[in-house]
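A.B. asks: Sharing a structure, written as structure tokens. Questions coming.
All of the numbers you see were taken from the coordinates with simple rules; none came from a lab. Note that the structure is predicted; figures quoted are calculated from it, not measured. Don't worry about glycine lacking a Cβ; one is built from the backbone with ideal geometry, like all the others, and counts go over all protein chains shown.
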Amino acid sequence: MQRRPTQSVMAGDARLRCSPDNSWMVSGSCFPMAGMPASILPGATLGVLGSGQLGRMFALAARQMGYRVHVFSPDEDSPTGHVADLEITGSYDDLDAVARFAREVQVVTFEFENVPALTAETAARFAPVRPDYSVLHVTQHRLREKSTLAAAGFPVTPFRAVHNSTELTSALIELGCPAVLKTAAWGYDGKGQVRITPNDSPETVWRQLGTQEAILESFIDFDQELSVVAARGIDGSIAHYGPISNRHANHILDLSVYPAELNSSIAKDAVDIAQAVMTQLDVVGVLCVEFFLTRDGRLLINELAPRPHNSGHLTIDACVTCQFEQQVRAICGLPLGSDRLLAPAAMVNLLGDLWKHGEPRWEAALASREVKLHLYGKRKPLPGRKMGHLTALGASPQEATERALAARAALMQQ
């Protein structure tokens, strides 16, 4: 059977408005609100808000299971659009276009949390959105996220809300230095944050961040950075991959190793916290909980990601069911797959910097039979831009790590 080529269309500019009978008007036509089927079976169409590499890997998993995929984002010729059945280009603020998109799919999910909550809320009037837009509302705002978790009794990094340089000065007195000042919204991969030392001027730092709302967090002297990626179904069942150990470079994830080499009680606590967070927020889909493990053995939640996570990419090659297939299963109301580990694994990110001196030597990296290459289809390699990743398997986490790092180093050998 010949595959129908991906289509790309431009969204319109019409307005979305409510009619007196609580149905919705789109371009002059009235449509009833969508129902919520218990399960969405292969052959149905899944909608994705966002079109980067996470959406691409979700779409590949969905198509393998027999689903069709539509993607909506402001970008054309996108990583997700390359493998989707339909790529729709439009502004997230164009609620009429969002409504039309949602009417053509059976369920909507998102591949990153910087989709406006109103966009997801609008989509939810026509198709179930999973995770719910209320989860997006909490997790896309650092201050709201930390406040929600703290109010529910979860261990979080000490923090204070900051709205001006005077409040920043007071917060620094309370939390001490060093500390990290972050924008409350729209931050990822280290963007929108500044580390503050005792020699820094609060007024200068506040101007440098250039925001009206921020969160100050204590600087954590951690032993490890960990993440737990888990999926939760409509029935409340949870599958998880256990703690993954992460190393960052310039605030961007550089290396992930699974399983993390941890005391068994700490590993259990991390999983228990992640499962409790998913239940508290009533997540249907995939959630990643990022932790700091302090030098005295305490787990502190750093951030949440209500979608598949960079550290979980190694599950594609290392586990019976990867995080992206779990996302498909969860949002469609299907039983979750096995989270069993097939072999210890390590993943290294491939950033645009690798292309500085020309095309990387892919054959050199793939000389090891235990190394798998994943490229995201991005046209232009830029410094710091995630272009792909390598995953290596091994008899132990250490062996997998050595293979992954050696394979990436081989890419740059001239």
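A.B. asks: Can you compute the radius of gyration and Dmax for region 290-414, using only the Cα atoms, both in Å?
C.D. replies: In Å, with Rg to one decimal and Dmax whole: 16.4, 50.
A.B. asks: Report the residue, chosen from 119, 321, 211, that carries the largest GNM mean-square fluctuation when the chain is represented by alpha-carbon nodes joined by springs under 10 Å.
C.D. replies: 211
A.B. asks: Along the charge dipole of region 222-411, pointing to its positive end and built from +1/-1 on Cβ of Lys, Arg, Asp and Glu, which listed residue (405, 291, 234) has its Cα farthest out?
C.D. replies: Selected residue: 405.
A.B. asks: With a 10 Å Cβ neighbour count serving as the proxy for reagent exposure, in which order, fewest first, do 251, 374 appear?
C.D. replies: The most exposed by this proxy come first: 251, 374.
A.B. asks: While we're looking at this one, here's another question. Given the C-alpha centroids of region 348-414 and region 36-71, what is the distance between them in whole angstrom?
C.D. replies: So the separation of the two Cα centres works out to 27 Å.
A.B. asks: Test of understanding: in a Gaussian network model of the chain with alpha carbons linked when under 10 Å, which of 210, 333, 176 would top the mean-square fluctuation ranking?
C.D. replies: 210
A.B. asks: Which of the trypsin sites (Lys or Arg not before Pro) across region 326-414 are loop residues per DSSP, with 12 or fewer other Cβ within 10 Å?
C.D. replies: 340, 356, 369, 379
A.B. asks: Under a straight-distance cross-link criterion of Cα-Cα below 27 Å, which lysines are reachable from residue 372, leaving out those fewer than 8 residues away in the same chain?
C.D. replies: 356, 380, 386
A.B. asks: Taking the Cα centre of the chain as the origin, how large is its charge dipole in debye, to the nearest 20, when only Lys and Arg (+1) and Asp and Glu (-1) carry charge on their Cβ atoms?
C.D. replies: For the chain, the charge dipole is close to 820 debye.
A.B. asks: Mind telling me which of 288, 319, 332 comes out most flexible in a GNM of the chain, alpha-carbon contacts under 10 Å?
C.D. replies: Ranking 288, 319, 332 by mean-square fluctuation puts 319 first.
A.B. asks: So what's the net charge close to residue 295: Lys and Arg +1, Asp and Glu -1, counting the other residues with Cβ under 14 Å from its Cβ?
C.D. replies: Combined, the nearby Lys, Arg, Asp and Glu give -3.
A.B. asks: Might you report the magnitude of the Cβ-based charge dipole of region 158-218 about its Cα centre, with Lys and Arg at +1 and Asp and Glu at -1, to the nearest 20 debye?
C.D. replies: 120 debye
A.B. asks: Given the -39500 (n - 2.57) contribution per DSSP H run of 4+ residues, what per-residue ellipticity at 222 nm results for the chain, rounded to the nearest 500 deg cm²/dmol?
C.D. replies: Rounded to the nearest 500, the figure is -8000 deg cm²/dmol.
A.B. asks: How large is the direction-averaged shadow of the alpha-carbon convex hull of the chain, in nm²?
C.D. replies: Orientation-averaged projected area of the Cα hull: 22.3 nm².
A.B. asks: Let me ask something additional. What does the charge count near residue 368 come to, summing +1 for each Lys or Arg and -1 for each Asp or Glu among other residues with Cβ under 15 Å from its Cβ?
C.D. replies: Surrounding charge for residue 368 is 0.
A.B. asks: Return a whole-number percent for the relative contact order of the chain, with Cα pairs under 8 Å and 6 or more residues apart as the contact set.
C.D. replies: Computed value for the chain: 13 percent relative contact order.
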